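Colleague: Before I ask anything, here is the structure I am working with.
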Amino acid sequence: MKKLSLTAKIFISMVLGIIAGLLLQGNPDFAVTYIKPLGTIYLNLIKMVVVPVVFLSIMQGIISLQDIRKVGRMGVSTVLYFFVTTAIAITIGLVLANILNVGGGYVLQGGELSYEAAAAPSFIDTIVNIFPSNFFKPMVEANMLQVICISLFFGFGVILAGEKGKVASDWIDSFAEVSFKVMNMIISVSVIGVFALICPVIAQNGPEVLLPLLKVILIAYAAYIFHVLVAYSVSVKCFVGMNPFTFLKGVSQAALFAFSSASSVGTLPFSLAATEKLGARKDVASFVLPLGATINMDGTAIYQGVCAIFIAQIFGVELTLANQLTIILTATLASIGTAGVPGSGMIMLAMVLESVGLPVEGIALVAGIDRILDMGRTAVNIVGDCSCTICIDAMDKKLSAKKAAKAAK
Ligand code: ASP
């Protein structure tokens, strides 16, 4: 018999987790006491490896590109691509949620709301906060934007140091490899982790929590699918000249892994393999993908848009066009600040709600179904990262070919 791939095994374990959760509905304490801790250990391990993987792989990517100007050019195009696709994503989410009246039919029940949100920083503070005043603190606190900032500076430092930077470059190469191996170890226990994460959610909440919120789930998934089919298909066709089906088939394994693990960073080895198979060079992929896994979250932005409209509608708050534009801006920023680990998009939703004065307690309503929404949004996040990688790679190849032709003249 053909050996099952890890992705298939993880998918099966997720289905088994749902079935076990349904069976344990009569006894949710068992699931919470004995099964949930395994999920928590798995989550902790992913969080533990996020900082070294992102820090080292971005530096490794920068160093292997060798040329600061090239990194700068590529960085600017990458971030631009991320911004534009994220803004498109959130717009799709908002339009669908408005047209399909996402909050319609939901009856708000007394006593089901309580959610404590952290205060959201202002726009300027968000920018200032990207630059750390200490080397270690961002690593300890897993402040990913600051971690990225440090890796950019030190990556450039290694290039500028030239011959003297060689030892640092070898160390980074070696430690990056080691942290990927650690990540692979953690991924190999995903079968247990995924089961243990989904089972208590279903056991505690049951299908009852899903039904009234079915509309939110359906609309979010419709927007996820629409965005993947439209935005990414168009971009790979235009920038790479690739058939969208070839692209979607190429990234399907990575998307499926993202779907079951709900972690963009945990999916990095799969997205690296997928983009390389689709023809992207390793140095480009190892620069763009870890960056994308931390700051490019189109699925998360869609989710935040749909939830914001849902919460506004059920609380009877009219959102003006200006409010909706504010949501586009804050959801784009919030998705950048979302770490690529399960559940973080929901925490950042508070920032979006607060920006337009919506009640943050509304998050409590969607918390029960967060895992289901998270799986879809993570898959979209990953497809977005992969599409960006192959587009940036193709653009860079074209540019290099042009330069070579000019030089030959
Ligand atoms: N789980 C998502 C990811 O890793 C982030 C989120 O919660 O939206 O991409």
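The values are calculated or read from the model by the stated rules, or taken from the named source; none is laboratory data. It should be emphasised that the depicted structure is a prediction, and the values quoted were computed from it without experimental measurement. Don't worry about glycine lacking a Cβ; one is built from the backbone with ideal geometry, like all the others, and counts go over all protein chains shown.
Colleague: Just need a number here: residues in segment 315-336 that are surrounded by fewer than 24 Cβ atoms within 10 Å (Cβ to Cβ), touching a Leu at 6+ places or on another chain (Cβ under 8 Å) and more than 25 Å from Y106 (Cα to Cα).
Modeller: 1
Colleague: Only one of (1) more than 16 Å from the ligand (Cβ to nearest atom); (2) of a type in the set (G, A, S); (3) under 18 Å from the mean Cα position of the chain (by Cα) is not met by G250, so which one is it?
Modeller: The single condition G250 does not satisfy is (3).
Conditions (1) touching a residue at least 24 places away in the same chain (Cβ under 8 Å); (2) away from the ligand (no atom under 16 Å from the Cβ), marked per residue:
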site: C199; (1), (2): yes, yes
site: I202; (1), (2): yes, yes
site: I217; (1), (2): yes, no
site: Y224; (1), (2): yes, no
site: N243; (1), (2): no, yes
site: A262; (1), (2): yes, no
site: V265; (1), (2): yes, no
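Colleague: What number of residues within segment 123-147 satisfy the criterion of being loosely packed, with under 10 Cβ neighbours inside 10 Å and either hydroxyl-bearing (S, T, Y) or modelled with pLDDT under 60 (or both)?
Modeller: Selection size over segment 123-147: 1.
Colleague: How about segment 248-264: which of its residues are of a type outside the set (G, A, S) and surrounded by fewer than 24 Cβ atoms within 10 Å (Cβ to Cβ)?
Modeller: L248, K249, Q253, L256, F259
Colleague: Turning to a different aspect of this structure: Among the residues of segment 341-355, are any more than 16 Å from the ligand (Cβ to nearest atom), of a type outside the set (A, V, I, L, M, F, W, C) and at pLDDT 85 or above?
Modeller: no
Colleague: Which one of A308, A280, A312 is away from the ligand (no atom under 16 Å from the Cβ), more than 30 Å from M395 (Cβ to Cβ) and crowded, with 24+ Cβ neighbours inside 10 Å?
Modeller: A312
Colleague: Follow-up. Report, by residue number, each residue of segment 356-373 that is more than 23 Å from A255 (Cα to Cα) and either surrounded by 24 or more Cβ atoms within 10 Å (Cβ to Cβ) or away from the ligand (no atom under 16 Å from the Cβ) (or both).
Modeller: Passing the criteria: V356, G357, L358, P359, V360, E361, G362, A364, L365.
Colleague: Which condition breaks for S5 when tested against (1) of a type outside the set (V, I, T); (2) more than 29 Å from V182 (Cβ to Cβ); (3) surrounded by fewer than 18 Cβ atoms within 10 Å (Cβ to Cβ)?
Modeller: (2)
Colleague: Could you give every pair whose Cβ atoms fall below 7 Å, whose first residue belongs to segment 284-304 and is within 8 Å of the ligand (Cβ to nearest atom), and whose second residue is in a helix (DSSP H, G or I) and basic (K, R), counting only separations of at least 6 or pairs across chains?
Modeller: Hits for this filter: G299/R377; T300/R377; Y303/R377.
Colleague: Output the residues belonging to segment 288-324 that are of a type in the set (G, A, S) and over 17 Å from the mean Cα position of the chain (by Cα).
Modeller: Those that are of a type in the set (G, A, S) and over 17 Å from the mean Cα position of the chain (by Cα): A308, A312, G316, A322.
Colleague: Name the single residue that is surrounded by the most Cβ atoms within 10 Å (Cβ to Cβ) among those in segment 267-277 being more than 16 Å from the ligand (Cβ to nearest atom) and in contact (Cβ under 8 Å) with a residue 12 or more places away in the chain.
Modeller: T275
Colleague: Determine if segment 55-62 includes at least one residue that is touching a Gly at 6+ places or on another chain (Cβ under 9 Å), surrounded by 14 or more Cβ atoms within 10 Å (Cβ to Cβ), closer than 19 Å to G337 by Cα and not basic (K, R).
Modeller: yes
Colleague: So, one more: Residue pairs, Cβ under 8 Å, 6 or more apart or interchain, first in segment 66-81 and more than 18 Å from K282 (Cβ to Cβ), second among the small types (G, A, S) and modelled with pLDDT of 90 or more. List them.
Modeller: Y81/S235
Per-residue answers, yes or no, for (1) in contact with a Phe, Trp or Tyr (Cβ under 6 Å, 6 or more places away or on another chain); (2) among the acidic types (D, E); (3) more than 29 Å from F239 (Cβ to Cβ):
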| residue | (1), (2), (3) |
| --- | --- |
| A331 | no, no, no |
| S335 | no, no, no |
| M351 | no, no, yes |
| E354 | no, yes, yes |
| G368 | no, no, yes |
| I382 | no, no, no |
| D393 | no, yes, no |
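Colleague: Based on this model, can you work out whether T267 counts as closer than 26 Å to K215 by Cβ and hydroxyl-bearing (S, T, Y)?
Modeller: no
Colleague: Looking at (1) of a type in the set (D, E, K, R); (2) within 25 Å of S263 (Cα to Cα); (3) exposed (fewer than 13 other Cβ atoms within 10 Å of the Cβ), find the lone condition where D67 falls short.
Modeller: D67 satisfies every listed condition except (2).
Colleague: Only one of V216, V182 is surrounded by 21 or more Cβ atoms within 10 Å (Cβ to Cβ) and at pLDDT 85 or above; which?
Modeller: V216
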